[in-house]
Amino acid sequence: MNLLQYLPGNSVLHRLNPVTKLAAAFLVGICAIVSHSVVFTISLIILLLGICTACGLGKRALRLTRSLLVLGGMMFVFQLFFVRSGDPLLSAGGFTFVTRDGLSSAVLLGLRIVATMLPLMLLFAITEMNDLCGALVKRLHVPYRYAFIVTTAFRFVPLFTSEFHDIEDAQKARGVEYDGGIIKKLKLSVPLFVPLMMSSLKKVDAGAMSAQLRGFNLRTVSSGYREYPFTAADIGCILFSLLLVGAAAVL
Amino acid sequence: MLRFEDVSFRYPHSDSSVEHLSFHIQKGEFVALIGSNGAGKSTISRLSNGLLKPDSGTVYLDGTPTTSIRTSQIARKAGFLFQNPDRQICQNTVREELAFGLRLMGLPEQEIRERTREAIEQFSLDGDWFPFSRSRGERQRIALASVLVCRPQLVILDEPTTGLDYRECTAIMDYLTRLNREEGLTVLMVSHDMELVSQYAGRVLVLTGGQLIGDGATHDVMRDQPLLGRAHVLPAQIPALALKLDAGAKQPQFEDVFTVEEMFETICRLRKEMSATAGKGEVLS
Amino acid sequence: MIRFQDFSFRYPAGGSQQPAEFALKDINLEIRDGEFVGITGTSGAGKSTLTYSVSGLVPHHFAGDFYGSVEVNGMDTVEVHPEQLAKFVGQVFQDIDSQMVSSIAEDEILFGMENFQVPRDEITRRLETVLEMLGIASLRRRQISSLSGGQKQKVAIASILALQPDIILLDEPTGELDPESTIMIYEILRRLNQEFHKTVIVVEQKIMVLCAYVSRLIVLDKGQVMFDAPARRITDEIELFQSLGINVPRVVELGQMLKKAGLYAGEIPTELDGAEKMVREVCADAAV
């Protein structure tokens, strides 16, 4: 299952303006970066999980948190051993392994990773790419061409993953063994890029032709059929996010 | 050769599944697996070559459960031709492509060269071709050659003729038939083209909604219109015509009619009988 | 109205290779409004190229050596952009998945109308109309990736119809569909042709489907037109079809055998009912 995949739904979060979602994800990310308080960052993550659960996205949010914790954990370990200032916490044979500063900054960094990435990944879970594209063009006047390219790239990700998966299956059926180490797997995957490239090029070309014949080049900012109005919920969401940023800066 | 024993499988995050499948394909059979899209045909073919492992029940390939051997070992016994040859082809020349599978089997270079040369000749290919710039039919032929060059005992074909024109399709099917007859190659073909099935397969497995609803000689299955209807497939023309002609007849005359030639012969025979018994009532009511 | 005049086209040779063969050669064809045309032939016969020539992708997307002329509704395809032609010609491509530009069915249908600046209430009206025409109103909010092949194809056709073209081109629309969905798609094409007077041009391998649905069949081989007549006339040219590697329905083969044996003199049928009649006639004949 793709972590960037859209989850259809009709919750309050789903119904927000895509621009609001983008801004809120961004602001919450800033919160996590600005704040130096471990307690605040933890509360922020719990708050995010709470909101998601209330909107029926709890499962996805927990899965995301879990996979982000792995990344956060790796950063934690790095930071733990790299920061050398502060009182030693763990030392042996005259060599200090872990310092107090190291521990606290490692904890914070690990949590920050989770708290910045989580809202961004949630953005993909609750925002339909076409809506994001449409709203960016309509409300922020992003040139359609660029918005289209970015959203199409995201839309193609699952197509390519499934294509790659099928190619891998075809190769397995021929007797290629993938169940070795990561190096072996990488080495064996190289020849697969040829068929993947070939089929991708064909797909992209077909997509381009189909878009061209349906007037892609004639499109202007005002072309979009859907309107993306800002509602009270949007304003509330932005205000709340700003409040969080304020809180993060103070705490 | 291939035996399914009460096999069930369900894809995660999806409704599609196969349930309680049991069948046994003997060595040297030419079996077709028919059903509409989403009936579970591809799932069965993937279970057969170990790409999928059953949730319950056992798939035996040549007597060994697929769960107890590696996919690469299965690959030596069972060749697999995908619907889309582009997923299979991964080398820059036809020669390399054919040698690829043989190298994976760890054969000596001398033998690889020998077998590759033979296969190139048999399939009227050119060893220097860049596979990706060939036509769809040629790519399918290259993919098939690269499967058969490994001399599997069983070959599984997933909609082998999609995107091929009639001539290319006939060429591939005729070649498989020859290997089947002369060398006892077991063939399992997934298809919804009943003309193809009625022409080539000896036995048909009928699948709908993940369940096996029919298993019998091609003759019998083709004449079982309610069964084909349940599987949402259209019967081949000549068997359907035979059925139409026999409908409501006191004595069915076209029961064993299957091909154009058989239909023609039966008509000639009937005409003879009728002119002999002319005036004594109609044979064909 | 589409008119090919002495039209030939050749794709450019890659690198230092010799120039490629002509994909289409000396094509002279006229397709009138309201026709239902089937195009068949072996792979590499030039079928797809022919559709590209009508929609203007040849020569605007695929450059190459272009001889003669192709006119669509009086416009020379070399002189106008494919976008301008798109108001008159809609094309559904072979690869169902990659021609989609959206992830939601409804958005896919909106895409073209938005681009062509169709007024808002007109968009709403057309959207409802095409959804209803193809019977896919219930799918409008569905993710395209969750649809079956047949449903996707309907969405693709709807997204073309929303632009209200006179001519609809389809390149093997049922290549990956099962027989039931194939018939469903052809029933739709028949309706578009008969009720809505669209010109339908379809590339198809399945000869039985062509016999059952199209009014005119064009057979290409190595870039040239080898046969151009009503589909039921294939019974006159069975040898030609066989020599080109195109199969004919089994009942046509049977008819030909009976005819050769001097047992049957009538018109050779292409479908089952006609075949039944033929066989009964041949048998009854002997009883007299």
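The values are calculated or read from the model by the stated rules, or taken from the named source; none is laboratory data. From a predicted model like this one, the values you see are computed outputs, not experimental measurements. A quick note on method: Cβ atoms are made from the backbone with ideal geometry, for glycine too, and the neighbour counts reach across all protein chains shown. What goes into the accessible areas is simple: the full protein's heavy atoms, side chains included, and nothing from ligands, DNA or RNA. Shrake-Rupley method; radii C 1.70, N 1.55, O 1.52, S 1.80 Å.
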Original post:
When you look at B:GLY101, is it open to solvent by less than 40 Å² (accessible area, probe 1.4 Å), touching a Ser or Thr at 6+ places or on another chain (Cβ under 9 Å), within 14 Å of chain A (Cβ to nearest Cβ) and in contact (Cβ under 8 Å) with a residue 12 or more places away in the chain, yes or no?
Top reply: yes
Original post:
Only one residue in A:SER105, A:SER85 is of a type in the set (S, T, N, Q), loosely packed, with under 14 Cβ neighbours inside 10 Å and either more than 21 Å from the chain's Cα centre (by Cα) or within 12 Å of chain C (Cβ to nearest Cβ) (or both), so which one is that?
Top reply: A:SER85
Original post:
What do you reckon, is B:SER14 closer than 25 Å to C:GLU180 by Cβ, at pLDDT below 90 and not aromatic (Phe, Trp, Tyr)?
Top reply: yes
Original post:
Listed residues C:GLY175, C:GLY112; which is more than 10 Å from chain A (Cβ to nearest Cβ) and out of contact with any strand residue (DSSP E or B) (no Cβ under 8 Å at 6 or more places or on another chain)?
Top reply: C:GLY175
Original post:
Is segment B:211-226 home to any residue that is farther than 25 Å from B:GLN83 by Cα, open to solvent by 10 Å² or more (accessible area, probe 1.4 Å) and either part of a loop (DSSP other than H, G, I, E, B) or at the interface with another protein chain (Cβ under 10 Å from one of its Cβ atoms) (or both)?
Top reply: yes
Original post:
Only one residue in C:GLN84, C:GLN94, C:GLN117 is within 13 Å of another protein chain (Cβ to nearest Cβ), surrounded by fewer than 22 Cβ atoms within 10 Å (Cβ to Cβ), at positive phi and of a type in the set (S, T, N, Q), so which one is that?
Top reply: C:GLN117
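Condition check ((1) in contact (Cβ under 8 Å) with a residue 40 or more places away in the chain; (2) under 30 Å from B:ASP126 (Cβ atoms); (3) surrounded by fewer than 22 Cβ atoms within 10 Å (Cβ to Cβ); (4) among the aliphatic types (A, V, I, L, M)) across all residues:
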position	(1), (2), (3), (4)
B:ASP55	yes, no, yes, no
B:THR66	no, no, no, no
B:ILE69	no, no, yes, yes
B:ARG87	no, yes, no, no
Subject >> Criterion violated by A:VAL150 - all others in (1) in a helix (DSSP H, G or I); (2) over 25 Å from A:LEU64 (Cα atoms); (3) touching a residue at least 12 places away in the same chain (Cβ under 8 Å) satisfied >> reply: (2)
Original post:
Name the residues in segment C:132-144 that are within 14 Å of another protein chain (Cβ to nearest Cβ) and surrounded by fewer than 16 Cβ atoms within 10 Å (Cβ to Cβ), would you?
Top reply: C:ARG141, C:GLN143
Original post:
Right, C:LEU177: open to solvent by less than 20 Å² (accessible area, probe 1.4 Å) and either closer than 30 Å to C:PHE7 by Cα or in a helix (DSSP H, G or I) (or both) or not?
Top reply: no
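Residues checked against (1) touching a Gly at 6+ places or on another chain (Cβ under 8 Å); (2) open to solvent by less than 30 Å² (accessible area, probe 1.4 Å); (3) under 12 Å from B:ILE89 (Cα atoms):
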{"site": "B:LEU125", "(1), (2), (3)": "no, yes, no"}
{"site": "B:SER135", "(1), (2), (3)": "yes, no, no"}
{"site": "B:ALA143", "(1), (2), (3)": "no, yes, yes"}
{"site": "B:SER146", "(1), (2), (3)": "yes, yes, yes"}
{"site": "B:VAL149", "(1), (2), (3)": "yes, yes, no"}
{"site": "B:ILE156", "(1), (2), (3)": "yes, yes, no"}
{"site": "B:PRO160", "(1), (2), (3)": "no, yes, no"}
{"site": "B:ASP165", "(1), (2), (3)": "yes, yes, no"}
{"site": "B:ILE172", "(1), (2), (3)": "no, yes, no"}
